[in-house]
1. If I fit a long axis through the Cα atoms of helix 250-259 and take the longest principal axis of the Cα atoms of the chain, what angle between them do I get, 0 to 90°, rounded to 10?
2. Express the Stokes-Einstein translational diffusion coefficient of the chain in µm² s⁻¹, to the nearest whole number, given a Kirkwood radius over alpha-carbon pairs, 25 °C and a viscosity of 0.890 mPa s.
3. Testing the spin-label approximation: label points 7 Å from Cα along Cα→Cβ at K132 and S85. State their distance in nm.
4. Among the chymotrypsin sites (Phe, Trp or Tyr not before Pro) in segment 45-92, which ones are in a DSSP loop with at most 14 other Cβ atoms within 10 Å of the Cβ? Mind listing them?
5. At 0.36 nm per residue, minus the direct Cα-Cα distance, what do R210 and E31 gain on full extension? Give it in nm, one decimal, please.
6. Per the Kirkwood definition applied to all pairs of different Cα atoms, how many angstroms is the hydrodynamic radius of segment 85-125?
7. Per the Kirkwood formula on distinct C-alpha pairs, the Rh of segment 122-204 is how many angstrom?
8. What aspartates and glutamates does K157 reach when the alpha-carbon gap must be under 12 Å and sequence neighbours fewer than 8 apart in one chain are set aside?
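The values are calculated or read from the model by the stated rules, or taken from the named source; none is laboratory data. Everything numeric here is computed off the predicted structure, so don't read it as measured data. Reconstructed Cβ throughout: ideal geometry from the backbone, glycine too, with neighbour counts over all protein chains shown. Just the protein is used for accessible areas: all its heavy atoms, side chains included, with ligands, DNA and RNA removed. Shrake-Rupley method; radii C 1.70, N 1.55, O 1.52, S 1.80 Å.
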Amino acid sequence: MQRKLKSKSVRIGGEFIEKVLEMEQKFSFNEKWTVAEIEKIIEKFGLRRDGFEELRDVYWDNEDCKIMNLKRGLRVRFLFGVLKSVEFKSLFVNAMGKRLIEEISLLDEQQNIDLVKLNNLIVNRLQLSQTKVKNENNINNILSNYGLSPCMIISKKRSVFTDTKKNITVTVDLVENLPPHLEVELVGDDYDAYQEFIVQLKKTLPDDLREVKLGYNDLLAQKNPKILPLEVFLHRFEHDPEWNVLESEKKLVQELFTLSH
């Protein structure tokens, strides 16, 4: 029997969007493995090579990493050295234990920096600065003017493979300062085909393969002494699910949970 993946409507930056809850699994290889060796295994499954990406994600923060220590992220993404996106993401948990991820794009429809939205986020909501930037187009200059600087940089080379019949995407990632990773994602609703693919993949892959539950930012955060350890976040959410909700955003977060039902 196929299990349908659920979707939910969430207000993101003042707009309603439909978010499909994707299913994915990530695996970490031993460092002795090369990307070329991993790709050869993937190609045996008949997946089509669908492209290559060179991504650089820069997470900006104040000197104490306040944003990341609130379980948030202000991410500037470059694709092949060209600005691709500027996003702010937050993880919230309510008293009932429901998780919600808020995503705000800080680029307008013309892919320019939305200074009104960015000023509201940095100055009013997070209260990280009293400076309102008015005339500036360079994202690095804008964020520096707020007194922010890069807290974490994720440099990633990604090979993409797809199975269009089963709506499965497999990516092989080489992230700077991490071993190679493989990620399998279901973008449709054929859960049974996805599970069968995972079973067959595990039979083919090496015995020392390790499933990873953390994102690359969480893995690299372990190397940064300014960012709180994962167990601290888990402890805080367990004892006070709303610990990271600032006074200035309580009403907004309540609305987000209401709209996500």
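1. That works out to roughly 40 degrees.
2. 121 µm²/s
3. It is 2.9 nm.
4. F45, F80
5. That pair, R210 and E31, stretches by 63.3 nm at full extension.
6. Evaluated over segment 85-125, this radius sits at 11.6 Å.
7. The Cα-based Kirkwood calculation yields 16.7 Å.
8. Cross-link targets: E53, E54, D57, D173, E176.
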